[in-house]
Amino acid sequence: MEIKLPDNSTIEVPEGSTAGDAAAVIGKGLARAAVAAEVNGEPVDLSHPLNEGDTLSIITADSEAGLEIMRHSAAHVLADAMMQLYPGTKLGIGPAITDGFYYDFLLPQPISESDLAVIEAKMAEIIAAAAPFERQELEREEAARRFSDQPFKLELLEELPLEEKATIYAEYDFVDLCRGPHVPDTGRIKAFKLLSVAGAYWRGDESNRMLTRIYGTAFNSRKQLEEHLERLKEAERRDHRVLGRQLDLYHIDDEVGAGLPLWHPKGALIRKIIEDFWRDAHLASGYEMVMIPHIASVELWKTSGHWDFYRENMYSPMDIDGQEFIVKPMNCPGHIKIYKSRTRSYRELPIRWAELGTVYRYERSGVLHGLLRVRGFTQDDAHIFCRSEQLQDEIIGVIRFVLYMLKTFGFEEYEVYLSTRPEKSVGSDEHWQQATEALKVALETVELDYRIDPGEGVFYGPKIDMKIRDALGRAWQCTTIQVDFNLPERFDVTYIGEDNSEHRPIMIHRALLGSLERFMGCLIEHYAGAFPLWLAPVQAVILPIADRHDAYARQVENRLTGAGIRVKTDYRQESVGKKIRDAEVERLPYMLIVGDREEEGGTVSVRSRDAGDLGIRDPEELAADMARQIEARS
């Protein structure tokens, strides 16, 4: 029978051939590398039977899809090992995730990370046996009997469509409910490591049972695994939650509330520096600043549609003098109300209004994560009201603006997504098509590579999302640009055109840095706390060698402070070596050592965080040099 290949060529295979058989016909090397296949666009096992005219694509171990399948198979082996080691274990789910996998269990006894070595050893036994993964289809009633002692699997079975059979995978005595596909046998799992133990509510719902989640990772070679583990160590060293306390930037206090950061003086100073730059850049780019309250009437959110489409992320209303108010989850309705405060002319458009607006959104406690996922945060928000013929240029301007902003902070690699209409949405097909096309053309004009993210737009319009890549190559969601025809209609937003009639403007929502909290977390981890000079809360520390040098140190501090440099002096009665080590722990850009020689010559001995010993310098020359670096934001 004839089988089609991705390049539109065909091969002939005997009747009854499987995807694995076809791989062998294509080439022995491909057959050895194959772990799964796609048949007519659907991922399947290599044992999947082929039919005349099927389109076949082989998935190899070194591909992204192949690695995901291998990791999912490793999660299956983890479940097998846990059932053997802890009889009575109840199985949750075990998907592949970015860079690894996990499996959730209800265990008959608690475990800790000290138990992972024993679990790994049992997994290694299962892998060494090279047990084949065998797929079976069962009627729902038969599957329910097979999993009668597994309540979570029974719950998943109940959700299957009535006409759909259950699929299970078996390797030797272990059976799991799973859609697959899997690698051909356990021996194809080349290099794995269990990483951590955590708690997780069943299906992420706090009203459900707390399960034990075991995280792991797997790669195609020991070398790849070891490189990944090194990256994890480096990521741990850069963890903004640890550095936030170590560098005295912020903390989160349980009595104040989860997801509500408290900024310490150094952290607040960095935020001020970011905010000052942000405001100056916006004013220079034709934006005006606005400010709105932190609470608003429920009626505002009903008009905007958030009450219907976003209510699960909003906090409960509060009664004030018989009227219901809510802390704001968004800034856009307030900006619209400012627009509607008077009649607008076409000559005023585009109007660009920006605000560092603090918003409050409900997040489950299980997903809160330092500064990266919080409940109260400040968006670098802006809304642009423009005419239809201005839309394209405005989007292009926003994209260029965001590239400038991110580059200034040291981010020059991005992942860009164009998110299209979701299933739950409002607005006409015509408007959605016009908005999506405008975003697409803007990306192509600026020559940014992007991917389509189907169905991931917001309920009122399509959007561009940009993820920045940090020093470790990790992607962070920050920038979003959204085109909105919906809110102008809901609020009856208009302008008077050249024809002296009312027309409807188009609204662009955009955040360049995202939230300042998340962006600060990104910055801390990107620089591992060693901020560039212009962002460092303390740019130089003066280290007097002995008490007799304190007066001269104070003179140097005054001269540098007068030149606009942020300086502190370490007057502790410690050795200069200890002071240097402590300054290095604080990641301070410059250490200025003063002793007898420096005081006599009116100089300082300069030590750079990045370049080491820079020798003797005149304080005024050093201050001028630092000022140039700060001005250039280098």
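The values are calculated or read from the model by the stated rules, or taken from the named source; none is laboratory data. None of these values were measured; they are calculated from a predicted model. Backbone-built Cβ (ideal geometry, glycine too); neighbour counts: all protein chains shown.
Looking at ALA627, ALA536, ALA553, can you tell me which residue is under 30 Å from PHE409 (Cβ atoms), small (Gly, Ala, Ser) and outside any loop (DSSP other than H, G, I, E, B)? Break it down stepwise before answering.
Numbers: ALA536 fails: outside any loop (DSSP other than H, G, I, E, B); ALA553 fails: under 30 Å from PHE409 (Cβ atoms).
Of the residues listed, the single one that is under 30 Å from PHE409 (Cβ atoms), small (Gly, Ala, Ser) and outside any loop (DSSP other than H, G, I, E, B) is ALA627.
A single entry from ILE274, ILE270, ILE214 fulfils the requirement of being within 30 Å of ALA79 (Cα to Cα), under 22 Å from the mean Cα position of the chain (by Cα) and crowded, with 18+ Cβ neighbours inside 10 Å: ILE214.
Scanning region 486-502 for residues that are part of a strand (DSSP E or B) and either under 32 Å from the mean Cα position of the chain (by Cα) or surrounded by 15 or more Cβ atoms within 10 Å (Cβ to Cβ) (or both) gives TYR495, ILE496.
Taken as a whole, the condition of being exposed (fewer than 15 other Cβ atoms within 10 Å of the Cβ), farther than 30 Å from HIS282 by Cα and not assigned by TED's automatic domain parsing to the domain that holds PRO261 does not apply to GLY564. If you go through region 22-41 and keep only what is outside any loop (DSSP other than H, G, I, E, B) and without any contact (Cβ under 8 Å) to a residue 12 or more places away in the chain, you end up with ALA24, LYS28, GLY29, ALA31, ARG32. Where helices (runs of 4 or more DSSP H) fall entirely within region 53-152, those with at least 1 residues that are farther than 20 Å from LEU225 by Cα and in the same structural domain as ARG179 (by TED's automatic domain parsing) are at 64-85, 140-146. For region 238-249, state whether one or more residues are buried (at least 17 other Cβ atoms within 10 Å of the Cβ), outside the structural domain of SER196 (by TED's automatic domain parsing) and in contact with an Asp or Glu (Cβ under 6 Å, 6 or more places away or on another chain). Yes, region 238-249 has at least one match. Taking GLY397, is it within 16 Å of HIS509 (Cβ to Cβ) and in contact with an Asp or Glu (Cβ under 9 Å, 6 or more places away or on another chain)? No, not satisfied. When we screen VAL416, VAL402, VAL398, VAL426 for residues that are in contact with a helix residue (DSSP H, G or I) (Cβ under 6 Å, 6 or more places away or on another chain) and β-branched (Val, Ile, Thr), the only hit is VAL426. Condition check: closer than 29 Å to GLU142 by Cβ, assigned by TED's automatic domain parsing to the domain that holds GLN84, at pLDDT below 95 and not in a helix (DSSP H, G or I). Does GLU206 satisfy that? Judged against the criteria, GLU206 is not a match. The residues listed here are LEU177, LEU107, LEU138; of these, the one that is under 22 Å from HIS48 (Cα atoms), surrounded by fewer than 20 Cβ atoms within 10 Å (Cβ to Cβ) and not polar (S, T, N, Q) is LEU138.
Give me the residue from region 171-189 that is among the β-branched types (Val, Ile, Thr) and outside any strand (DSSP E or B) and, out of that set, farthest from GLU64 (Cα to Cα).
So the first thing to find is which residues in region 171-189 are among the β-branched types (Val, Ile, Thr), and the list is 175, 183, 186, 189.
Remaining after also requiring outside any strand (DSSP E or B): 183, 186, 189.
Numbers: VAL183: 14, THR186: 19, ILE189: 15 Å.
Applying the filter and picking the extreme gives THR186.
The rows are residues; the columns are (1) under 26 Å from ARG387 (Cβ atoms); (2) not assigned by TED's automatic domain parsing to the domain that holds ILE399; (3) not β-branched (Val, Ile, Thr).
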{"residue": "SER419", "(1), (2), (3)": "yes, no, yes"}
{"residue": "VAL426", "(1), (2), (3)": "yes, no, no"}
{"residue": "LEU448", "(1), (2), (3)": "yes, no, yes"}
{"residue": "GLY461", "(1), (2), (3)": "yes, no, yes"}
{"residue": "LEU472", "(1), (2), (3)": "no, no, yes"}
{"residue": "ASN486", "(1), (2), (3)": "yes, no, yes"}
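Would you check if there is a residue in region 536-543 being among the hydrophobic types (A, V, I, L, M, F, W, C), crowded, with 19+ Cβ neighbours inside 10 Å, at pLDDT 95 or above and touching a Phe, Trp or Tyr at 6+ places or on another chain (Cβ under 7 Å)? Yes, because at least one residue in region 536-543 is among the hydrophobic types (A, V, I, L, M, F, W, C), crowded, with 19+ Cβ neighbours inside 10 Å, at pLDDT 95 or above and touching a Phe, Trp or Tyr at 6+ places or on another chain (Cβ under 7 Å).
Of all positions in region 412-434, at least one carries a residue that is under 27 Å from ALA281 (Cβ atoms) and in a loop (DSSP other than H, G, I, E, B).
Within region 47-72, the residues that satisfy the criterion of being of a type in the set (A, V, I, L, M, F, W, C) and within 18 Å of ASN220 (Cα to Cα) are ILE58, ILE59, ALA61, ALA65, LEU67, ILE69, MET70. Considering ALA218, ALA258, the condition of being part of a loop (DSSP other than H, G, I, E, B), more than 30 Å from ARG400 (Cβ to Cβ), touching a helix residue (DSSP H, G or I) at 6+ places or on another chain (Cβ under 7 Å) and among the small types (Gly, Ala, Ser) is satisfied by ALA258 alone. Scanning region 447-485 for residues that are in a loop (DSSP other than H, G, I, E, B) and more than 30 Å from LYS233 (Cα to Cα) yields GLU447, LEU448, ASP449, TYR450, PRO454, GLY455, GLU456, GLY457, PHE459, TYR460, PRO462, PHE485. Scanning region 458-483 for residues that are under 14 Å from VAL426 (Cβ atoms) and either surrounded by fewer than 17 Cβ atoms within 10 Å (Cβ to Cβ) or in contact with a helix residue (DSSP H, G or I) (Cβ under 8 Å, 6 or more places away or on another chain) (or both) yields a total of 5.
Residue-level check: of (1) in the same structural domain as ASN8 (by TED's automatic domain parsing); (2) closer than 23 Å to SER196 by Cβ; (3) among the hydrophobic types (A, V, I, L, M, F, W, C), ALA37 misses just (2).
Taking into account only those residues within region 250-267 that are under 23 Å from the mean Cα position of the chain (by Cα) and free of Cβ contacts under 8 Å to residues at least 24 places away in the same chain, which is surrounded by the fewest Cβ atoms within 10 Å (Cβ to Cβ)?
Of all residues in region 250-267, those under 23 Å from the mean Cα position of the chain (by Cα) come to 250-252, 257-263, 267.
Subset that is free of Cβ contacts under 8 Å to residues at least 24 places away in the same chain: 251, 262-263.
Working: HIS251: 14, LEU262: 11, TRP263: 18.
Within region 250-267, the match that is surrounded by the fewest Cβ atoms within 10 Å (Cβ to Cβ) is LEU262.
No other residue among ALA117, ALA81, ALA124 is within 34 Å of the chain's Cα centre (by Cα) and either at pLDDT below 95 or buried (at least 19 other Cβ atoms within 10 Å of the Cβ) (or both) apart from ALA81.
Among residues of region 153-164 being of a type outside the set (D, E, K, R) and in a loop (DSSP other than H, G, I, E, B), the one that is nearest to MET82 (Cα to Cα) is LEU160.
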